[in-house]
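Reviewing the structure listed below.
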Amino acid sequence: MILALNSGSSSLKYAMFDGDDAVVRGTLDAVTDHRAAVLGVIDQLTTRPAAVGHRLVHGGPDHMAPARLDAALLAELTRLAPLSPLHLPAELAAIEAVSLRLDVPQVACFDTAFHRTLPPVARRYALPSALLSAGVQRYGFHGLSYASITAALPPARLRRAVIAHLGSGASMAAIRDGQSVDTTMGFSPAGGLVMATRPGDLDPGLLVYLLTHGHDAARLDQLINHEAGLLALSETTGDMRQLLEQRAGDPRAALAVDVFCYHARKAIGAFAAVLGGIETLVFTGGIGEHAPAVRAEICRGLDHLGIMLDDAGNAAGAPVISTGRCEVRVMHTDEEREIVRATRRVLDAQA
């Protein structure tokens, strides 16, 4: 059996798989100590896993495939922690916890690895090459989610596809022949689409302005990762479920929903240009799967791309919700299953 650990900045998802079947699943929210949380999960297991796979949000410029964890890789990941300060420390704490309880192989599964196929025109920032050498480039994230979706679709549906992973963290990927050729997130998970507490893309001049008007790096980090996005627009919450309930009577909640959908719709149009059209659009993630009103608003006005929704199917969350030439799907993503698959591939290759 293989245990998958999916550490978020303040959450922990876990699943034990026997072959391709999940025999244990769980989610812990409001986690403040990932080391203690993982120790608690392991202590509750009735069967000892043969291996543990971890989601690692960031692999930096050099880690483009899952890899077995050893002292050298751990040292490298510790050095990379500033690239993802919300996630990597929690993920490293989870790895440490497993080492304290279990003497089994551990495998790092990198979210950024899925986007290793980004071409230079999509990966490079228009900045001096010395910064590229220092690792400043577009990485892309949510890779395990995208890998889960692409593994579940037939190749014919992946020739020109856009996958929208919409949750508290939100991004999209442009897929050509099953491979990522562009994505909305860049150097960090704070860029791209508007999110629950993250702003998405910002004018860099705005950050310079804030730095010269009383914001230091720590204050900027707090603003960008915890005080922006839907929360800032609504002034009440970053939870899309609550915003949808409130928008009829609260203009600020309505604005937050409208801004979220506007930027998502704009990203689909941009990726249609990248791909030369869209044949498949997939909605996944907590919002993508469970908010038909958001799906409808995002797709509104995209008839020229062949994106037309079946209102009844969309309201019911049917697997296929489209009537136009672009097939629009609602799919569940399973990052834990993808972690287990990647872990198994690494261990089988070393057997």
**Message:** Given the options L88, L39, L69, L77, name the one that is touching a helix residue (DSSP H, G or I) at 6+ places or on another chain (Cβ under 7 Å), modelled with pLDDT of 95 or more and within 21 Å of A342 (Cα to Cα).
**Reply:** L69
**Prompt:** Before we move on, is R25 within 17 Å of P189 (Cβ to Cβ), in contact with a strand residue (DSSP E or B) (Cβ under 7 Å, 6 or more places away or on another chain) and at pLDDT 90 or above?
**Reply:** no
**Request:** Hey, can you tell me all the residues within region 321-351 that are under 22 Å from A67 (Cβ atoms), small (G, A, S) and either modelled with pLDDT under 95 or surrounded by fewer than 20 Cβ atoms within 10 Å (Cβ to Cβ) (or both)?
**Result:** A349, A351
**Asked** Taking the condition out of contact with any Gly (no Cβ under 6 Å at 6 or more places or on another chain) and closer than 25 Å to P154 by Cα, does V294 pass?
**Response** no
**Message:** If the requirement is being outside the structural domain of V24 (by TED's automatic domain parsing), of a type in the set (G, A, S) and over 19 Å from the mean Cα position of the chain (by Cα), which of these qualifies: A267, A291, A316, A342?
**Reply:** A316
**Message:** Tell me whether region 209-221 contains one or more residues that are within 22 Å of G167 (Cβ to Cβ), out of contact with any Ser or Thr (no Cβ under 7 Å at 6 or more places or on another chain) and modelled with pLDDT of 95 or more.
**Reply:** no
**Exclusive hit being in the same structural domain as A273 (by TED's automatic domain parsing) and over 12 Å from the mean Cα position of the chain (by Cα), set Q179, Q106** = Q179
**Prompt:** Counting only residues that are under 24 Å from G143 (Cβ atoms) and of a type in the set (A, V, I, L, M), how many does region 285-335 have?
**Reply:** 7
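Could you tell me whether A30 is within 19 Å of R101 (Cα to Cα) and hydrophobic (A, V, I, L, M, F, W, C)?
No: the conditions fail for A30.
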**Request:** Could you pull out the residue among V104, V57 that is out of contact with any Cys (no Cβ under 9 Å at 6 or more places or on another chain) and crowded, with 16+ Cβ neighbours inside 10 Å?
**Result:** V57
**Asked** Applying the selection to region 245-256, what residues are crowded, with 18+ Cβ neighbours inside 10 Å and of a type in the set (A, V, I, L, M, F, W, C)?
**Response** A253, A256
**Asked** Quick check: anything in region 99-118 of a type in the set (V, I, T), closer than 30 Å to D33 by Cα, touching a residue at least 60 places away in the same chain (Cβ under 8 Å) and in contact with a helix residue (DSSP H, G or I) (Cβ under 7 Å, 6 or more places away or on another chain)?
**Response** yes
**Message:** Just to be sure before I move on: is V259 closer than 22 Å to G317 by Cβ and either β-branched (V, I, T) or surrounded by 20 or more Cβ atoms within 10 Å (Cβ to Cβ) (or both) in the structure I sent?
**Reply:** no
**Residues of region 221-239 classified as in contact (Cβ under 8 Å) with a residue 60 or more places away in the chain and in a helix (DSSP H, G or I), total** = 2
**Single unsatisfied condition, R25 versus (1) under 19 Å from D111 (Cβ atoms); (2) assigned to a strand (DSSP E or B); (3) touching a residue at least 60 places away in the same chain (Cβ under 8 Å)** = (1)
**Prompt:** Which condition breaks for V52 when tested against (1) surrounded by fewer than 22 Cβ atoms within 10 Å (Cβ to Cβ); (2) in contact (Cβ under 8 Å) with a residue 24 or more places away in the chain; (3) over 28 Å from N225 (Cα atoms)?
**Reply:** (1)
**Request:** Identify all residues within region 243-292 that are touching a strand residue (DSSP E or B) at 6+ places or on another chain (Cβ under 6 Å) and outside any helix (DSSP H, G or I); write none if there are none.
**Result:** G277, I278, E279, T280, L281, V282, F283, T284
**Asked** Just checking, which of A217, A156, A170 is surrounded by 20 or more Cβ atoms within 10 Å (Cβ to Cβ) and out of contact with any helix residue (DSSP H, G or I) (no Cβ under 6 Å at 6 or more places or on another chain)?
**Response** A170
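The values are calculated or read from the model by the stated rules, or taken from the named source; none is laboratory data. Worth saying up front: this structure is predicted, and the values here are computed from it rather than measured. All Cβ positions, even for glycine, are placed from backbone atoms using ideal geometry, and neighbour counts span all protein chains on display.
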